Amino acid sequence: MPLVLTIAWRNIFRHRGKTLIIGGILFFGTLIMTLGNGVIAGMDRALRVNIVDSFTGHLVLISNEQKVDSVLMSGSTQTAETFRNFDKIKQALHQVPYIKSFLPGGIGYVWVLNDLGHPMDTYLLGVDFVRYNHFFSNSITAQEGRLLKDGERGTLLPIKIREMLYDFSTVWFYPKDSFLDRTKFTAQALAEGNRLLTRQQIVFMGLSRKNSSLDIRSDVRGIVRFRSLNSVLGMYAITDMESFRECMGFRTDQQKQAEPSPVQKTILSLDDKSLDSLFSVDGIAALTEKANSVIPVAPRAPSVSSHASQGVYNLVYLKLRPGTDLKKAKSELNKLFLSKGLGARAVTWSEAIGMLGQMSAIMKGALFLLVSMIFFVAIIIIMN
């Protein structure tokens with residue numbers, strides 16, 4: 001060992017230029033690694049806290065039939081698969097001691113329709129909003145209008161989505177029963193002046209996997225923003241759970257199939273030849289007259305969501321008690337659901353949020369690659 005130190009000390013002064021270059025490269029690489037790890041660790045901690053507390057919870061339950069884990073930010077044009085046995089899932093969750101709280105909801109891919117015929121796609125969150133905002137520590141605040149009340153139907157549009165809708169369709173949305181606040185306009189909207197198209201209702205057309213979705217017209221109740229990461233999380237329109245189910249073609253447990261009217265029963269019982277006769281002028285006239293006298297007009301849907309706590313969901317947000325190991329909780333929950341045949345599985349918040357949740361791992365990989373290249377250059381110089 002003394003001989004090695006003697007040789008090293010002698011080489012330092014014999015090749016001072018090379019020593020300074022190699023020393024500088026190694027110092028620079030070490031500095032980048034140290035500072036980079038510190039910055040990434042801080043960013044990862046802040047990202048985890050803000051997303052978990054404001055948007056995802058620690059774990060998210062999805063259907064076993066769902067192929068993609070990143071249901072909250074998948075970039076997919078498909079609506080997440082549903083589970084219809086939430087009552088059984090709820091009973092199982094109540095028995096797990098390390099679960100602090102949970103909240104069911106829905107997420108779907110929709111088109112926003114407008115008068116100009118240019119639909120824009122976005123994601124729609126269906127939630128019991130009062131419970132949702134309490135669950136996530138009041139992370140959503142109203143910038144115009146107000147937030148949804150308990151059991152109320154309507155939509156909350158984040159600022160980002162409103163601006164995107166205007167850029168795409170030149171329609172400016174603002175809350176119902178509210179005045180048009182021109183101080184909130186973008187520069188382009190201000191330039192439109194009196195020609196600006198404004199709307200207080202928005203039309204969503206759901207795009208479900210079963211092609212059973214509908215389009216709904218919903219009152220805009222408020223323009224909102226997220227407390228943290230608004231530029232990222234503000235990509236989701238929010239509506240009440242019943243409006244969401246209607247838009248996606250989901251049926252609540254209380255909604256019964258309508259009993260066919262006498263005319264409808266007659267049509268269903270006709271043979272092929274009789275069906276052909278309906279397309280004649282006399283056949284259509286007779287059917288129309290009979291339909292007008294027998295088939296009642298369906299009443300308009302109420303403005304209050306009466307069965308939001310029951311029916312179809314496609315995700316459940318979970319928050320764990322402090323000190324609970326995330327990976328262990330996920331594993332134990334999945335074993336529980338499998339043993340009970342509940343058709344659900346748990347994914348972590350980072351898996352549910354997709355690329356955003358993997359950001360710190362990607363940055364760590366990029367940092368490691370950069371520093372490895374720096375050290376590789378230093379080794380080549382030493383070898384030469």
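For every residue, the table says whether it meets (1) touching a Cys at 6+ places or on another chain (Cβ under 8 Å); (2) of a type in the set (D, E, K, R); (3) open to solvent by less than 20 Å² (accessible area, probe 1.4 Å).
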position	(1), (2), (3)
TYR317	no, no, yes
LYS327	no, yes, no
LYS335	no, yes, no
GLY341	no, no, no
- Task: Mind telling me which of the residues PHE185, PHE168, PHE226 ends up being within 30 Å of TRP349 (Cα to Cα) and touching a residue at least 12 places away in the same chain (Cβ under 8 Å)?
- Result: PHE226
- Condition set of a type outside the set (D, E, K, R) and open to solvent by less than 50 Å² (accessible area, probe 1.4 Å), scope region 181-197, selection modelled with the highest pLDDT: answer is PHE185
- For region 99-133, name all the residues that are of a type in the set (Val, Ile, Thr), farther than 18 Å from PHE250 by Cβ and in contact with a helix residue (DSSP H, G or I) (Cβ under 7 Å, 6 or more places away or on another chain). ILE99, VAL112, THR122
- Query: Does PHE173 fit the bill of being open to solvent by less than 70 Å² (accessible area, probe 1.4 Å), modelled with pLDDT of 90 or more and within 22 Å of LEU318 (Cα to Cα)?
  - Reply: no
- Item | Residue list for region 47-67, filter: modelled with pLDDT of 85 or more and among the aliphatic types (A, V, I, L, M) | VAL52, LEU59, VAL60, LEU61, ILE62
- Note on the structure: The lone condition THR155 fails out of (1) at pLDDT 95 or above; (2) open to solvent by 10 Å² or more (accessible area, probe 1.4 Å) is (2)
- Task: Mind listing whichever residues of region 226-263 are of a type in the set (S, T, N, Q) and at pLDDT below 85?
- Result: SER228, ASN230, SER231, THR252, GLN254, GLN255, GLN257, SER261
- Query: Any idea how many residues of region 149-173 are within 21 Å of the chain's Cα centre (by Cα) and among the β-branched types (Val, Ile, Thr)?
  - Reply: 3
- Can we say PHE136 is open to solvent by 10 Å² or more (accessible area, probe 1.4 Å) and touching a helix residue (DSSP H, G or I) at 6+ places or on another chain (Cβ under 9 Å)? no
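The values are calculated or read from the model by the stated rules, or taken from the named source; none is laboratory data. The structure presented is a predicted model; accordingly, all values stated were derived computationally and were not measured. FYI the Cβ positions are ideal-geometry reconstructions off the backbone, even for glycines, and counts take in every protein chain you see. When the accessible area is computed, the model is the full protein with side chains, heavy atoms only, and any ligands, DNA or RNA have been set aside. Shrake-Rupley method; radii C 1.70, N 1.55, O 1.52, S 1.80 Å.
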